[in-house]
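Colleague: So that we are looking at the same thing, I have put the structure below in structure tokens.
Each value in this text was obtained by applying a stated rule to the coordinates, not by laboratory testing. Fair warning: this is a prediction, and the values are worked out from it, not measured in the lab. So basically every Cβ, Gly included, is an ideal-geometry build from the backbone, and we count neighbours across all protein chains shown.
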Amino acid sequence: MTITPERTDNDVTQELRLVTDVPGPRSQALLARKTDAVSAGVGVTLPVFITRAGGGILVDVDDNHLIDFGSGIAVTTVGNGNPEVVAGVTKQISEFTHTCFMVTPYEGYVQVCEALNRLTPGDHEKRSALFNSGAEAIENAVKIARCYTGRQAVVVLEHGYHGRTNLTMGMTAKSMPYKHNFGPFAPEIYRVPASYPFRDGPHGGAEVAQWATTRIEKEIGARNVAAIVIEPVQGEGGFIVPAPGYLSAMSEFATANGIVFIADEIQSGFCRTGQWFACEHDGVVPDLITTAKGIAGGMPLAAVTGRAEMMDSVHAGGLGGTYGGNPVACAAALGAISWMEQNDAPALALEVEAVMMPRLKAMAENHPTIGDIRGRGAMIAIELVKPGTMEPDPERAAALNKYCHSHGVVTLTTGTYGNVFRFLPPLTMPKHLLEAGLTILENAFEATA
Ligand code: PLZ
């Protein structure tokens, strides 16, 4: 990586340092209070309570310095406490914190929309609208597509993830933990085959797309479909990179049938995969694109960006919300975007890939439980199977996760089968920390063999 500071601007020493067990006594005490105060429905992956973070390190209440391989689920791409984000937020918060853009507007919101319109794929005329969370962006993208087409059906993919609100739960594939006991779900949502190269056997991207579009034609009727919603790299489904030809075939089918093609880039967007947006790897230009997470360096902000005629088809007042495009979140986004442009963030993501891929491939030589290594840029994963089979091994993934956690690396699992180990480091992670985290993972394979 080009950025290898010993200390970051918010003064977090860039080294792995464990001074207690993980979690340590202070974190354990806080966890007990969490149990008494916070709904049991809100789970925690690793109960270390964080006090400070920057570069590639999270510091906990026991002063352990942990390596961050998760970026708060792909959010702090520009680094925690990124100086440009902090400067923008600090200035904005000292001026005003909120007016509600729908009541009395402010420039920051317009600037973020201008940046989104400029940076997202396609040179057609675009408009944007801002919201608070990824799920809310998806809800609004569907509203816009229905309004524009006058149709109702929404097509989503196997293994898809789009959020936890009622509509987006319905659009999400995986039952546990996202949907279990929470129905009934919204109607007019249809699920079709996704391209999953590791599990599709000899069937290529175009062929799987053919299965999907046939299903749409025969079971829904293409004329009834408002939108096809696809993650260009499926996130919670298991970091699934579709086979070449799949995304373009789905996008062409949408266009040919008057269907709005929506790319959910909430996890894969904003330089995570080595392009500004993951659909650029496939040369696909979506009609609408949803963004969140990496857009604002940790502040809650989300957006829908798309073709002007679609975005402007909604009646005035039809889109909005009290906090959507909050001025502080907009200032954070402008800081994050400026940092990404100045530091060539897509290239930084490719540097992460260049470090990780050879190390993971070497691990796969010795550990046949690694069935697949995949991903793009700083969005990389390994899928674990029972050696010599295609059978998922979620127990091994959990054991590796536990080992990494207790040795100071914050790792995340993912996937429909819970057997995918994913890596989402911030792009400010110094190379020596990335290497150190991978060495601990290597040890984890030995220890759990
Ligand atoms: N679309 C592609 O990845 C959020 C969810 C974690 P929100 N992914 C992380 C969890 O367990 O809740 C996500 C996503 C894609 C939509 C969303 C939803 O974004 O900001 O969490 O609402």
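Colleague: Relative to the present Cα-Cα distance, how much length would full extension add between residue 206 and residue 100 at 0.36 nm per residue of separation?
Modeller: Between residue 206 and residue 100, full extension yields 33.6 nm more.
Colleague: Just to be sure I understand: of the beta bridges DSSP finds with both ends in the range 83-342, what percent are antiparallel, rounded to 5? Spell out each step's value before the answer.
Modeller: Working: 11 of 25 bridges.
Approximately 45 percent, going by the DSSP bridge assignments.
Colleague: Something else now. I'd like the distance separating the alpha-carbon centroids of the range 43-63 and the range 191-208, in whole Å.
Modeller: If we compute the Cα centre of each part, the gap is 38 Å.
Colleague: Residue 224 label point, 7 Å along Cα→Cβ, cut-off 18 Å on backbone N: hits in the range 133-174?
Modeller: The answer is 146-147, 149-157, 171.
Colleague: Report the extension gain between residue 432 and residue 342 in nm, rounded to one decimal, defined as 0.36 nm multiplied by the number of residues separating them, less their alpha carbon distance.
Modeller: 30.1 nm is the gain from fully extending residue 432 to residue 342.
Colleague: While we're here: Between 347, 436, 186, find the one with the highest GNM mean-square fluctuation for the chain; connect C-alpha pairs within less than 10 Å.
Modeller: Taking springs between Cα atoms under 10 Å, the residue moving most is 186.
Colleague: Work out how much length residue 354 to residue 182 would gain on full extension: take 0.36 nm times their residue separation and subtract the Cα-Cα distance, in nm to one decimal.
Modeller: 57.8 nm
Colleague: Additional query: Give me 276, 211 ranked fewest to most by other Cβ atoms within 10 Å of their Cβ, as a rough exposure proxy.
Modeller: 211, 276
Colleague: Mind telling me which of 56, 183, 408 comes out most flexible in a GNM of the chain, alpha-carbon contacts under 10 Å?
Modeller: Among 56, 183, 408, the largest GNM mean-square fluctuation belongs to 183.
Colleague: Expressed as a whole number of Å, what is the distance separating the alpha-carbon centroids of the range 277-329 and the range 383-449?
Modeller: The range 383-449 and the range 277-329 have Cα centres separated by 32 Å.
Colleague: What's the magnitude of the charge dipole for the chain around its Cα centre, counting Lys and Arg as +1 and Asp and Glu as -1 at the beta-carbon? Answer in Debye, nearest 20.
Modeller: Charge dipole, the chain, about its Cα centre: 860 debye, nearest 20.
Colleague: Please arrange 147, 113 by counting, for each residue, the other beta carbons lying within 10 Å of its beta carbon, fewest first.
Modeller: 147, 113
Colleague: What percent do you get for the relative contact order of the chain when only Cα pairs under 8 Å and 6+ apart count?
Modeller: Computed over the chain, the figure is 23 percent.
Colleague: For the chain, what is Rg from Cα atoms divided by 2.2 N^0.38 Å, rounded to two decimals?
Modeller: Working: Rg = 21.4 Å, N = 449, 2.2 N^0.38 = 22.4 Å.
Rg over 2.2 N^0.38 Å, computed on Cα atoms: 0.96.
Colleague: Modelled label-to-label distance, residue 447 and residue 87, 7 Å Cα→beta-carbon offset: nm?
Modeller: The modelled label-to-label distance comes out at 4.1 nm.
Colleague: Test of understanding: ordering 309, 136 by Cβ neighbours within 10 Å, fewest first, what list do you get? Working shown, then result.
Modeller: Numbers: 309 12, 136 23.
Result, fewest neighbours first: 309, 136.
Colleague: Rounded to the nearest 5, what is the percent of antiparallel bridges among the DSSP beta bridges in the chain?
Modeller: Restricted to the chain, the bridges split so that about 70 percent are antiparallel.
Colleague: Still on this structure: At 30 Å minimum axial length over the Cα atoms and a Kyte-Doolittle cut of -1.0, report the qualifying DSSP H helices in the chain, or say none. Working shown, then result.
Modeller: On the way: long enough: 345-366 (33 Å, 0.49).
Span-like helices here: 345-366.
Colleague: Here's something else I'd like to know. Given a Förster distance of 41 angstrom, what is the FRET efficiency for residue 17 paired with residue 107, based on the Cβ-Cβ distance and rounded to 0.05?
Modeller: Efficiency, from the Cβ-Cβ distance: 0.45.
Colleague: Further question: Determine, from the Cβ-Cβ distance of residue 217 and residue 164 and an R0 of 30 Å, the FRET efficiency 1/(1 + (r/R0)^6), rounded to the nearest 0.05.
Modeller: 0.45
Colleague: Name the shape class, rounded, prolate or oblate, that the alpha-carbon gyration tensor gives for the range 161-266, where a ≥ b ≥ c are the square roots of its eigenvalues, rounded holds for a/c under 1.5, and otherwise prolate holds if a/b is larger than b/c and oblate otherwise.
Modeller: Details: a/c = 1.81, a/b = 1.22, b/c = 1.48.
Because a/c hits 1.5 or more and a/b fails to exceed b/c, the range 161-266 counts as oblate.
Colleague: Between residue 309 and residue 123, with labels modelled 7 Å along Cα→Cβ, what's the label distance in nm to one decimal, could you check?
Modeller: The modelled label-to-label distance comes out at 1.9 nm.
Colleague: How far apart, in nm, are two points set 7 Å out from the Cα along the Cα-to-Cβ line at residue 322 and at residue 143?
Modeller: 1.6
Colleague: Say R0 is 25 Å: what FRET efficiency, to the nearest 0.05, do residue 114 and residue 252 get from their beta-carbon distance?
Modeller: Between residue 114 and residue 252 the formula returns 0.25.
Colleague: Across the chain, how many lysine pairs separated by 8 or more positions, or lying on different chains, have Cα atoms within less than 26 Å?
Modeller: 23
Colleague: Hey, another quick one. Place a point 7 Å from the Cα of residue 406 along the Cα-to-Cβ direction; which residues of the range 9-37 have their backbone N under 17 Å from it?
Modeller: 18-25, 28
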